[in-house]
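The next block holds one structure in the form of structure tokens; read it before the comments.
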Amino acid sequence: MKLSLLTLLVWSSCVSAFVTLPTTTVTPRVILHQASITAAESPAQAVVSNLLDNLLTEQDTNQCIKLLLHSSTHTWRSKIYDAVGAPSSADETKVATSIANAMAKPDNQFALLLGKAKETYVADFPTEAVETGGEGKCWLECRLYDKNNDGELLVVSGWDMQQNPVNGEWLIDRIDWQDFREAFYPGLGREEWARAFV
């Protein structure tokens, strides 16, 4: 059984209470600061790079989580809300606060993304985006290496991306996370990957 990043997040954190509010329209996408995009990066890779860069460097974690929400398809956004027990009508700020608080706990494997873990990472995209399921869908592999420990592999993640048919913007549709740090390996509900093959 494979578990998503969000399911693991819920299992490793407390669920917050949410107030049901009327559904509001989605606000325009928030960009806290733009990561430097090289000519070699695909537009889908640029979205992931920008999100990772903001999670690691931005002081206001809630804004970073809002960036994740705004960079997600409706399906993935719904899974994020479900993961913290929030109805789709829950206040976005409360959802973002709950996720940010859970991720920032030092014993949470995703604290790495916020710079709150003992390791500091550098992200690498070892291959170009692979088109999946036809036009407007792709998959990216992103590896996180330890900056300070001879480049030790920390995490391999897979990002399913989907293009918004209205404006062409790339959105996150799913994230798969395989953690290779001893404290989190192979992860809740995960099968062990042979380290020789990654």
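The values are calculated or read from the model by the stated rules, or taken from the named source; none is laboratory data. Since the model is a prediction, treat every value here as computed from it, not as a measurement. Note that each Cβ is placed from the backbone with ideal geometry, even for glycine, and that neighbours are counted across all protein chains shown.
So here's what we get for this one:
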item	result
Of residues in segment 143-174 being among the hydrophobic types (A, V, I, L, M, F, W, C) and buried (at least 20 other Cβ atoms within 10 Å of the Cβ), the one farthest from residue 44 (Cα to Cα)	154
Every residue from segment 103-130 that is within 21 Å of residue 46 (Cα to Cα), more than 17 Å from the chain's Cα centre (by Cα) and surrounded by 13 or more Cβ atoms within 10 Å (Cβ to Cβ)	128
Test: residue in segment 78-99 that is of a type in the set (Val, Ile, Thr), surrounded by 21 or more Cβ atoms within 10 Å (Cβ to Cβ) and closer than 24 Å to residue 44 by Cβ	yes
Search result, residues across segment 115-137 that are of a type outside the set (D, E, K, R) and either more than 24 Å from residue 64 (Cβ to Cβ) or part of a loop (DSSP other than H, G, I, E, B) (or both)	115, 117, 120, 125, 126, 127, 129, 130, 132, 133, 134, 136
So residue 93, is it part of a helix (DSSP H, G or I), touching a residue at least 60 places away in the same chain (Cβ under 8 Å) and either touching an Asp or Glu at 6+ places or on another chain (Cβ under 6 Å) or among the polar types (S, T, N, Q) (or both)	no
Meets criteria (free of Cβ contacts under 8 Å to residues at least 40 places away in the same chain and part of a helix (DSSP H, G or I)) for residue 50	yes
Close pairs (7 angstrom Cβ cut-off, 6 or more residues apart or separate chains): hydroxyl-bearing (Ser, Thr, Tyr) in segment 117-137, assigned to a loop (DSSP other than H, G, I, E, B) and at pLDDT 90 or above anywhere	120/147; 121/147
Hey, residue 10 over 11 Å from the mean Cα position of the chain (by Cα), modelled with pLDDT of 90 or more and not in a loop (DSSP other than H, G, I, E, B) or not	no
Criterion: without any contact (Cβ under 8 Å) to a residue 40 or more places away in the chain and outside any helix (DSSP H, G or I) - qualifying residue of 87, 106	106
